[in-house]
Amino acid sequence: MAFSLPMRLYRLLLNACGIAAGLMVAVMTFLVGYDVIARNLGLGNVPWVMDITEYMLPLATCVAAPWLLYQNMHIRLDVLNMVLSPRALARLDRAASLIGLVVSAVITWYSILVIDDSMQSGSIVMKTIIFPEWWVYTPVPFGFGLLAIECLRRLVSGPGEPLGTVDSAELTAAHAPDREESAAPPEARPVEGTR
């Protein structure tokens, strides 16, 4: 499937978000593990580890969310894939995309206002690491802005099936009972091993 240049750049940005989120989780895992081991061996602790991981967790979440939605790896009720028709699923996905677009746009707008207010007031976070408070809020408009764009894309053109997705109609349908077979009364259903 050939993509236009803007779509290729968009996919590249989302894939970079996925990689960045994975790296952040790896760094957090290493830092927390190192801190626990160092404390237990009597080497002392690293005082800034908790602060760093506290801020990396929401950052990784905001960066990963648009990539997960694009890859169709977001949280869904898979049982609906088994009981609804493809047309009903498409309508449901578009309705969810519309709601996601509105909510993401509102959160993006509000977070920009919060960042502006924090910058105007000159608020500072004073913990082990000292920095301007607005830095904490910066991932929110980025992540939710990309979520709004992805919801708009899904609303206009449907979810599609991006490369690398682990969720496809074939995989989901493989676990769904045959609708005609499940509609038959139990005594009319064929028993495995007999014909």
Which value in nm describes the separation of the simple spin-label points at Ile19 and Thr128, placed 7 Å from the Cα toward the beta carbon? 2.9
In this structure, the FRET efficiency calculated for Thr29 and Ala88 from their beta-carbon separation, with R0 = 35 Å, to the nearest 0.05, is 0.30
Between the modelled labels at Leu113 and Met73 (7 Å from Cα along Cα→Cβ) the distance in nm is 3.4
By how many nm would the segment from Ala96 to Thr61 grow when fully extended, if each residue of separation counts as 0.36 nm and the alpha-carbon distance is taken off? 10.6 nm
Collect residues whose amide H, placed 1.01 Å from N in the peptide plane, falls under 5 Å from the amide H of Phe131; neighbours closer than 5 in sequence don't count. Val125
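Read-outs throughout are calculated quantities, based only on the coordinates presented, and are distinct from any laboratory measurement. In this text, all values refer to a predicted model and were calculated from it rather than measured experimentally. Virtual Cβ from ideal backbone geometry, glycine too; neighbours counted across all protein chains shown.
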